[in-house]
Structure formats: C-alpha cells, structure tokens
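Here's the structure, in structure tokens; my notes come after.
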Amino acid sequence: MLQLLYRLRRRFKKIVITLHPKRLFDIPVDAECINPDMFAEKSADEIASLKVWEGNRQRTLEDLFKIKNETVSSSEELTIRVRGDVSKVRRIGAKMSMGNIIVEGDAGMHLGEEMKGGVITVTGNADSWTGARMKNGTIEIKGDAGDYIGASYRGSTQGMSGGKIIIHGDAGYEVGCFMRKGFIKVCGNVGQFAGIHMRNGTILVQGNSEGRAGAQMVNGKIVVCGYLPSVIPTFTIDVIRPKVKVNGEEVEGPFYQFIGDLADRGDGKLFVSKTKNPHLSMFEEYL
Amino acid sequence: MTHLIIKNGFVYDPLNGINGEKMDIFTSNGRIVEKVAEKEAKVIDASGMIVMPGGVDIHCHIAGAEVNSGRLLRPEDHVKDVEVKTRLTRSGVGYSIPSTFTTGYRYSRMGYTTIMNPSMPPLEARHTHEELDDTPMLDKASYPLLGDWWFVLEHLRDGLLEECAAHVAWIMNATKGYAIKIVNPGGLEAWSSGRNMRDIDDSVPYFNITPREIIRGLCKVNKLLNLPHTIHVHTNNLGKPGNYVTALETMKCVEDLAEGDRPVIHVTHSQFSSYKGSDWRTMSSGAEEVAKYVNHHSHVTLDVGQVIFTDTTTMTADGPFQHRLYLMTGNKWVNHDVETETTAGIVPFRYRRKSAVHATQWSIGLELALLIKDPWKICMTTDHPNGGPFTAYPSIIAWFMSQVARKKTMMKISKRARRNSLLPSIDREYSFYEIATITRAGQAKILGLKQKGHLGVGADADIAIYDVNPEQVDPSRKYKTVRRAFRKAAYTIKGGEVVVKDGQIVKPVYGKTFWLDVKTSLPMEVNDDLKQKFRDYWTIEYENYAIPERFLHASAPISIKAEV
C-alpha cells in the first residue's frame, strides 16, 4: 500500500521545464540539447548554459530561450514544454530515451532523430526527417509533417527500427524510407514513394497517396485507405481482403492485396482500398 | 637549416640490420647524416621509445576518380566520423574513404610518411594527381593501370615488345606514374562485353591474347625499362573460391623471367587470391599452398590485404569482381568503364565476425603473413579500403605480434571459420624488427625507393617514434600497449621536421610526388597512327592527354635509363 502511494506520488510529481524562444529565429538553430536526458539531474544554471548552435555561432540555451523550471528535480517524468514557433530549431529530442517533450507550435527538422524512448508531441506542424532512425518511443504530430518521416540517413539502409509515429495531418514524400520496424500512421494524405525501400514495419495511410507506394520494398506492410493513382508494375495482385489488421487494430476494407517489389525480390504487402480505387478493378481478372 | 638529434631510442632499421640498438639518429636538411653538432640541433629524447623509419604503404586507394566516387556514394560513412578543424589542420570526414586532408593527417599520426596509390586509370591521372597534391604530410606515387590498355594488348599480341616498352615509358611520363599495375589482366577488357577471364589461359575477346601473355609481356617490358618496382598484379578470379590455383599459376608464369634473387612480380592483396573450395559454402583457406610456393621462390613478393571486421567500401578496377559483390550483397554499386583503358567498381561492404566466409578471409590474411617465413617477401596492407581502412594497421600489428590477441579475436568469430582456421596451429609471433620490415623497410625495398624505409646516411629523414619500450613491454602479452603506441606515434618526422607529436599534427607539410622519367633510346614520341587512334577512341585529344610536370605540386622525378 505504501509502495503504491509512493509510486502515485512520484507519478504526480512531475517537473515541467518550459522554454520560450526569445525571438523569431531566421537561421537554423541546432539544439540537440533540448532533450529530457540532457536536462535530467541538472540545475537551472546548468540547463541554461547548455550549448546550441545558431548558424555557425555557438550560443547557450539561455541566449535563445527563456527557461522556466516549474517543480523540483527528479530524473523521471521530466517534461520539456516548448512554447512558440521553433520551426527553425532542429534536432529537438534527438537521441532522447525517456520523458516527454511537448512542442506547442511548429517544430523544426530532425525532430526526435535516433530517439530511443519517451514521447514527443507537437501541436503544430513538424518538418522533414521527423523520427529519422528512431529506435523506440512515440512521436505524435497534430498538424502536418514534412518528407522522410522515419527515414534513414542519406545513403544508409538503416531507417526507423522501432517505435511509433502518428501524424494527424498530411505527410510528405518518402514516408518510412528504409524502415525496418515500428509503425507510422498518417491520418491525412502522403506524397509519393511512401514506404520506399521498406525492410519491415507498418505504414497506415488513412488518406490518399500520390503514388509509387512501396517502391523497392522488401518486406513489411503498407495500407492505403484512400486513393492511389496506380500500383507500381513490379507488384502483383494476390487476393482481396475484407479487412486488414494493423498494429493490433482492424481496418475495414475491402482491400486489394499486392505483393512486391518483385524487382528487388521483395515480399512486402501493399493494401489498397477497393472502394476508393475503382480504376484498380482491372487487376481482379488476374486473381 | 634544421638539424635534429633523436637520442637514445631503440632503433629498428632492418635495411641496415639494426635490431633494437640504443643509438642516436642525426638529421640535417631533410636527410639522415653521420653527425651534427649538438648545440645547433633540436634534440628529441627518445629514451624508452622505438625509432623506426617512416612507414611506407605499398597499396592503398586514397586518391582518384574511383575513390572520389566512393566518397560521393557513402554519405553515411562520413557522418559517423567527422574531424573538426583545428588551428593547424583542416576539417574532414572519415571513415573508410577519408577526405584527402584527413587521409594525410591520419597516416601521419600513425607514423607513415610514404604511400602508394595503386590504381590510376591513365585517363584519370590528372584527377588522381590533383587529389594526391591535396593529401598532405606524405610522399606519394601512383601506378597507372596498363593490363587492359588497348595499345599494350595490341603490341603484345603482335609480339612488338620493344615498341610496347617505349609506349609504356611514354605513359609513365604522360601520367606521372610509378609502376605497372595489372588488374585482372584481360578480364576488364572482357567485362566491357559482359564477360570475365576464367583462368590465365582464357582468351580476351577481340584481342585474341591471354592473361598469361599480358603478364609475361608486361613483366618483360618492366625489365626492359629497368623500372624500380616489379609489375604490380591483382590476379584473375579475385575473390572467388578456388582462386588460389589462379594465383599460383600467375606466380609460376613469370618464374623463368627471374634473374637471381630479384623479384619480378608483386601479387597484391594476396588474401583475396588465396581461397580454396568450389563455392562459398565450401570456401576455405589456400594460404598454406600460396605460402609454401612463396617460401620456395624468390621471384615473387606479396602484400596481405588483411580483412578487418568493420563496415567499409570496396573499390577496385576489377569491374566483374565488383559486379559479383553487388549481386551477393544487393548493396549499392558503382560500375564504370574507362574508355579504352580499364573499368572500375565500388560496393559498400561489411565484414562480419559471425560470417564464416568473412572470418575465414580474416584468418587467411594472418595465415599468409605468418606462414611466409621471410618478412621481406610480404607487406602489411589492408588494401585500403577494400579489406578495411588503413587506420586499422595497429590492430593488425597486434595480431601479428601476439598469439593472445589472435586467440581473443578467434573466440568471437564464426564457429565454422574457427574450426577450419590454421591460426591455432601457428605459434609464430612477429618481433619489432620484423614489424619494421613488413611495414616500412620491406615495402621500400620492394618498391625500389632507395631514399625510404631506412635510417642509413643519405636517406630521407622520415622517421617514426613510438612510445613503447621493447625492453619492458612483451608485445605478445601486452599487445594492447603496442596497439596504442602504433595508433598514435609519439613523433613523426617528415623531411627532417617534426610534423606529429603525441599523435597530434604540429606542422602540416606537403609531400613530394614521385614519378618515373624513363629515358629510352627509341623515340618516345607517339606516332601519327596513335594520334589518330586517340582521335578515334578517346574523349580527350592526344595533346591534352599528358600531364605536364608543372601540374604537380612538388614533382620528384626519378630518372631511369631503359634498355630500349
């Protein structure tokens, strides 16, 4: 009983550190240090003196942000709240392994890059490379996101290898490029090449896709609930399914199930809504 | 007027037979001298340290169009290894294909002062020399690829040996090259029509010549021209199980051309040519057979081409081999056909401990180095970056010097490879003297560089000092100390100047570029027929093809009197 009470107390004993940008940044700021792991067990002064780059100038966090520390320090349940427009601030939450980051506004590129745990929530839009190479944790974007969500580094084949990315708005090109594991959900539309080079994992697109979904995928699952202009010729139709199981939930179909990308000897599965894509009915004769 | 005295070091100078004697080395104006007055000189106290000639690397791909394509291909290789600009050094990136300046700094930090860039398509010579000029801290040279050059093939087919020699002399001058490099003789030309050579008696399409004839022909040309290095051969069937037979055939085919003890052929990265078996599942080590042959013959020298367990980038002029590698890995691939001259290929590759094939490759490299008794016949290389980056040399030194180090790595490798490896049965451990031989003295001797690789009077004052005391440290047990010492030279002295101290660059310097100025009695001018062919076949006109000497940052021609 005592232990439970203690746990509950710890549960509620949150610390929230709030950052307000002091001005509107017009050149990129590289702030890898906005990260619960870096803030944990540091005094207010230490946090204020963390280094960030603004363009080619090194500055401290205090130079750019007003920092407000709200409760007493404890390494767990640390929350960083960023209030204001930080769309020029890159690498927020990069490599974080615990805690929460809440961005109330727009976030910059490379948000949650290589993150290993914890939760990032953005109430506005996020830019490109969100969750690139992430290993675990959750990223939730209430607005739109840019290109290369959960992608690999340029040239590398190691994309997102775990965790969850949920985008309530639209996403750009090459969502889940070289994705290896994990789950990406886009409630809006996606650009071209969703799930390109995908090795495994799941991408659920509730809106439309601009096309070329699953190019060069080797394994994994892509579900497009909306309109898909055409299926890549190196995919072959397999079966029609009434519903698809995605991340433990069932999505009502019916769906055309395609297998590909055969050009890469792939065995990935591309599900495309039957009702939203009457132009794909020509594939039915090959069933 | 700079004088330097290196005091009380344990000197290892195999070319002069000095084995760990405590002595002083004097340098003056970039040369090693008998003695200088102590009050005029800067004194370096090397007591308790090893003093060796500056390191020489006979085979490392560090410059040229191919290397640069490799750099473009691999941004993910660079992002993990970034060098920040300092007051003295430029910024750069690694890892397996470091940028030019970083390459120079890293070699220098390990005590290396001379390196050879082994594959230069003659057409890309200008680019290669531009990059070599941007590689500081080192003296360097480059080998033009001639094994599949159309005119060489035509001359050799028609039996015009002397004309061929005059032509090669012209190429050495035109491309500012140092030695004849032969890569997969005939195979690269065949690759242009989608084929490869099965063995050294296969016929090259259109030219109707065999690899055997190319190797023998160029070996004779090499002798006619009196070139300081032998032919530098990358064998046919490289990287194929069962290819040790081809390697042996290649060595045997020039056996009769040897005179005395002078080698006539250098088989490069021989680890990649020493595989037994019929396919990858049955692949095993052919090191014993190759070593046995080399132990009984003096006309051949080798370099190891040791494999390191790491993520690297393979790049060779051997287009068909790279294509096979691409099919095997499914990785990204660059394929290039250099007009009438050669081909090239690049594929990123990761050597894994747990892969039986990769672990066997690792074992073969060490077996070769340990089974070949004479350290003057073998050089330590990784075929940078094909077997791994050159920065792994200290680890290889540790494996050579310590059975414990080898055992420790053996415990981590694939079980099948461990079972088949010959290493547990070999108890040889290299001494510092032998390490000095395979990393510098032997390499310089094989290359015919008279000024390098030794500390005798008159030699270039290229010296490496490592902070390890051979009287106190037993390398076979304390291999980690040795590895650490070789990773960061206590001092590197280049041309009589201290350029590295405690593993840090203290003075950036530019090195020379060696090339052969071959003097033939036959006219070296190219005849009208050849000029017309340049017009017909090449994208570059004959007049623009040759590199003028003033193009090099610091040209160091070596005059050679040829017999034709």
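Values quoted throughout were computed directly from the atomic coordinates according to the rules given, and no laboratory measurement underlies them. It should be emphasised that the depicted structure is a prediction, and the values quoted were computed from it without experimental measurement. All Cβ positions, glycine included, derive from the backbone under ideal geometry; neighbour counts span all protein chains shown.
Observations
- Residue (of B:Val357, B:Gly345, B:Leu327) at the positive-pole extreme of the stretch B:306-383, dipole from beta-carbon charges: B:Val357
- Extension gain for B:Glu497-B:Ser203 works out to 100.6 nm (0.36 nm per residue, less the C-alpha to C-alpha distance).
- The alpha-carbon of B:Lys22 sits under 17 angstrom from the alpha-carbons of these aspartates and glutamates, leaving out residues fewer than 8 places away in its chain: B:Asp13, B:Glu34, B:Asp45, B:Asp467, B:Glu471.
- For the stretch B:55-447, averaging the sequence separation of C-alpha pairs within contact (under 8 Å, six or more residues apart) and dividing by the residue count gives a relative contact order of 16 percent.
- Of the residues B:Ile200, B:Trp149, B:Ile171, the one whose Cα sits farthest towards the positive end of the charge dipole of chain B is B:Ile200 (charges of +1 on Lys and Arg Cβ, -1 on Asp and Glu Cβ, taken about the Cα centre).
- Taking every C-alpha pair closer than 8 Å and separated by at least 6 residues, the mean separation divided by the residue count of the stretch B:6-141 gives a relative contact order of 23 percent.
- Exposed loop sites here are GluC sites (Glu not before Pro) assigned a DSSP state other than H, G, I, E or B and surrounded by at most 15 other beta carbons within 10 Å; excluding them, the longest clear run of chain B is B:35-258.
- Alpha-carbon gyration tensor eigenvalues x 5, square-rooted, for the stretch B:82-194, Å: 35, 15, 10
- Summing +1 for each Lys or Arg and -1 for each Asp or Glu among the other residues whose beta-carbon sits under 15 angstrom from that of B:Gly387 gives -3.
- With a threshold of 32 Å on the Cα-Cα distance, the over-threshold entries among B:Lys140/B:Lys488; B:Lys292/B:Lys450; B:Lys80/B:Lys276; B:Lys452/B:Lys507 are B:Lys80/B:Lys276.
- Largest mean-square fluctuation among A:Ile101, A:Ile184, A:Ile237, in a Gaussian network model of chain A whose springs join Cα atoms under 10 Å apart, belongs to A:Ile237.
- Extents of the stretch B:178-255, largest first, come to 35, 27, 19 Å (Cα atoms, principal axes, whole angstrom).
- Debye, to nearest 20: dipole size of chain B, +1 on Lys, Arg Cβ, -1 on Asp, Glu Cβ: 2700
- Taking every DSSP bridge with both residues inside chain B, close to 55 percent are antiparallel.
- Equivalent ellipsoid dimensions for the stretch B:326-445 as semi-axes, Å, which come from the Cα gyration tensor, largest first: 28, 21, 11
- Computed over the Cα atoms of the stretch B:379-455, pair by distinct pair, the Kirkwood hydrodynamic radius stands at 14.1 angstrom.
- Volume per residue of the convex hull around the Cα atoms, evaluated for the protein assembly as shown, comes out as 215 Å³.
- Computed magnitude of the charge dipole of the protein assembly as shown (debye, nearest 20; Cβ of K, R +1, Cβ of D, E -1): 3700
- With the Kirkwood sum run over all distinct C-alpha pairs, the stretch B:185-305 has a hydrodynamic radius of 14.7 Å.
- In this structure, A:Ala263 and B:Ser47 have a Cβ-Cβ separation that, at R0 = 56 Å, corresponds to a calculated FRET efficiency of about 0.30.
- DSSP-defined beta bridges in the stretch A:128-286 - what % are antiparallel, rounded to 5: 40
- Viscosity 1.567 mPa s, temperature 4 °C, Stokes-Einstein D of the stretch A:123-208 from Kirkwood C-alpha radius, µm²/s: 110
- Kirkwood's formula applied to the C-alpha pairs of the stretch A:122-281 gives a hydrodynamic radius of 14.9 angstrom.
- Counting, for every residue in B:68-80, the Cβ atoms of other protein chains within 10 Å of its Cβ and taking the mean gives 2.
- Between 0 and 90°, nearest 10: helix A:2-12 axis offset from chain A longest Cα axis: 90
- With both labels modelled 7 Å from their Cα along Cα-to-Cβ, the B:Glu543 to B:Arg157 distance reads 3.1 nm.
- A convex hull fitted around the alpha carbon atoms of chain A yields 129 Å³ per residue.
- Debye equation applied to the C-alpha atoms of chain B, log10 I(q)/I(0) at 0.10, 0.11, 0.12, 0.13 Å⁻¹: -0.78, -0.96, -1.16, -1.37
- Charge tally for B:Asp517 (other residues, Cβ to Cβ under 11 Å; Lys, Arg +1; Asp, Glu -1): +2.
- Cα-centred dipole magnitude for chain A, charges only on beta-carbon of K, R (+1) and D, E (-1), debye, nearest 20: 820
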